[in-house]
Amino acid sequence: MGRIAGRFARVEPRRRAARLVLGLLADLPRKNCWTIAEWAGETTPDGMQHLLGRAKWDADAVRDDVREYVVEHLHDDRAVLVVDETGDVKKGTSTVGVQRQYTGTAGRIENSQVAVYLVYAGQRGHTAVDRELYVPRSWTLDPDRCRAAGLDEDTVFATKPELATRMVARFLDAGHQAAWVAGDEVYGGNPKLRTALEERDTGYVLAVACSHEVTTGAGKFRADILSKKVPKRAWQKLSAGAGAKGHRFYNWAVIDLADPRPGSRQLLIRRNRSTGELAYYRCYSPASVPLAVLVRVAGSRWRVEEFFQSGKGLAALDEHQVRRRTSWSRWVTLAMLAHAFLAVVRADEHARHPAPDELIPLTCNEIQRLFTTLIVRPVHDAAHRLRWSAWRRRHQARAQASRYRRQAANQT
């Protein structure tokens, strides 16, 4: 917390931000301004809500601090930047960026809010270093709706690949190095993102659809058609990295692409050894690299899924109950900081105190459990709990009465 202390002009929001981050790491069954304020010993949630909505501090500056903290402690010359989006299912239409859209969280089209994240994935660990809220075109075409949600009236629609390009540029412009970028088909199929990375001499391994067309020395082909021309001897069994059940072995093949520009470009093909299912990747590197390197980068993409799972489960990345852009960016930035803390402690513990053979290395889940049990144990008396019970019931009674009045007004 000392790293971000200078981002707050007053001591009150600085201290409250620390309590909020601790609350995000706490073992609460549900985390929002109400539950964290009660857990932290405050008399109402007003202070936490003020911190997220109206207090004077810059969430983007704190985001930059999180990035510096992560790169300093998880630095890896072979690190991969992984871009991906995640959705949070929402009710109503007032929450910033919400609309009916596909989200992998639900696996279908739902009323949801979607954000794109940039994850720094190195050998020592991985966590998010940037975030951008996806604002659909239905919002940017409605200035009044944007204004009500805290967006600028001149907010311009940006695709998810454009948001990813923006975040990668911020990372590199800050003076950090990353030789590779990985992402799924949403990003691999976007030529502007690929061109932006090539202009920066940044390699990439980006998934593409089976219908994606590439040009070889023999002509232009769809990826799935080209895969049928690969001879059996060209396939190699390689691991895409260790998973929960051991190494993830696939058969891989690579085809050089024809392009007069400098650099090495390939189509990478992955075949499931059990089902035969194929996946395709567009690859670029400033200089030619071995197949094993491309496979390693392709396998890094799963690290972003691990971040989404642990970021939501351990640091409440998705439990924000806020409607405006400012509140959203502040909540997710502090949640990123909380998760980064767990990732850094995990990396340091692995380096300083290797686990004996009979134990697995400490995980972020176990570190959070030990931290909240041994370090963070706020204890409040019965009077505090009863005061909060009365406050909740009073607030709920006012909300209920307001709903009844609206219903009566609509019926007349």
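Details
- Computed over the chain with a Gaussian network model linking Cα atoms closer than 10 Å, the most mobile of ALA401, ALA207, ALA347 is ALA401.
- Dipole of the chain [Lys/Arg +1, Asp/Glu -1 at C-beta], most positive-end residue of TYR187, ASN32, SER227: ASN32
- The modelled label-to-label distance between LYS245 and SER94, using points 7 Å beyond Cα along the C-beta direction, is 4.6 nm.
- Fully extending the segment from ASP144 to HIS384 would add 82.2 nm, taking 0.36 nm per residue of separation and subtracting the current Cα-Cα distance.
- Structure remark: mean-square fluctuation, Gaussian network model of the chain, C-alpha springs under 10 Å; the largest value among ALA287, ALA253, ALA240 belongs to ALA287.
- Within the accessible area of region 51-100, the carbon and sulfur atoms contribute 44%, probe 1.4 Å, all protein chains present.
- Overall, region 3-137 carries a charge dipole of about 420 debye about its Cα centre when +1 sits on the Cβ of Lys and Arg and -1 on the Cβ of Asp and Glu, all other atoms neutral.
- Gaussian network model of the chain, Cα within-10 Å springs - most flexible of ARG385, ARG67, ARG303: ARG385
- Phi to ³J(HN,Hα) by Karplus 6.51 cos²θ - 1.76 cosθ + 1.60 over region 145-150, Hz, x for Gly, Pro: 5, 4, 4, 5, 9, x
- Accessible carbon and sulfur surface of region 319-412 relative to its total accessible area, %, 1.4 Å: 52 percent
- With DNA, RNA and ligands ignored, accessible area of GLU153 (1.4 Å probe; Å², nearest 10): 110 Å²
- Assigned charges on the beta-carbon of Lys, Arg, Asp, Glu; the chain dipole about Cα centre (debye): 1220 debye
- Sites matching GluC sites (Glu not before Pro) across region 333-412 that sit in DSSP coil, with at most 12 neighbouring C-beta atoms within 10 Å: GLU358
- Averaged per residue, region 347-409 has 79 square angstrom of accessible surface, using a 1.4 angstrom probe with ligands and nucleic acids left out.
- Checking the cross-link pairs LYS91/LYS312; LYS90/LYS192; LYS31/LYS56; LYS160/LYS229; LYS160/LYS245; LYS160/LYS312 against a 28 Å limit on the alpha carbon distance flags LYS90/LYS192; LYS160/LYS229; LYS160/LYS245 as lying beyond it.
- Between region 269-286 and region 167-240, the alpha-carbon center distance in angstrom: 10 Å
- Share of carbon and sulfur in the accessible heavy-atom surface of region 128-182 [1.4 Å probe, %]: 48 percent
- Once all protein chains are placed together, ARG270 keeps about 40 Å² accessible to a 1.4 angstrom probe.
- Heavy-atom accessible area, probed at 1.4 angstrom with all protein chains present, ranks THR127, THR155 as THR155, THR127, highest first.
- Residue (of ALA340, ILE269, SER329) at the positive-pole extreme of the chain, dipole from beta-carbon charges: SER329
- By a 1.4 Å probe calculation restricted to protein chains, HIS353 has an accessible surface near 120 Å², given to the nearest 10.
- Potential lengthening between GLU366 and ARG10 on full extension [0.36 nm per residue; Cα-Cα distance subtracted]: 124.7 nm
- Test item: Cα-centred dipole of region 164-291, Lys/Arg +1 and Asp/Glu -1 on Cβ, debye: 500 debye
- Each of PHE371, ALA399, ASN410 was scored by the projection of its Cα onto the charge dipole of region 362-412, and the greatest displacement toward the positive side belongs to ASN410; charges sit on the C-beta of Lys, Arg, Asp and Glu.
- Per residue value of the accessible surface for region 1-148 (all protein chains in place, 1.4 Å probe), Å²: 44 Å²
- Of LYS312, LYS232, LYS192, the order by accessible heavy-atom surface (1.4 Å probe, DNA, RNA and ligands excluded), from most exposed downward, is LYS232, LYS192, LYS312.
The values are calculated or read from the model by the stated rules, or taken from the named source; none is laboratory data. Keep in mind that what you see is a predicted model, and the values were worked out from it rather than measured. Because the Cβ atoms are built from the backbone with ideal geometry, glycine has one as well, and the counts that use them run over all protein chains shown. These accessible areas exclude ligands, DNA and RNA; they are computed on the full protein's heavy atoms, side chains included. Shrake-Rupley method; radii C 1.70, N 1.55, O 1.52, S 1.80 Å.
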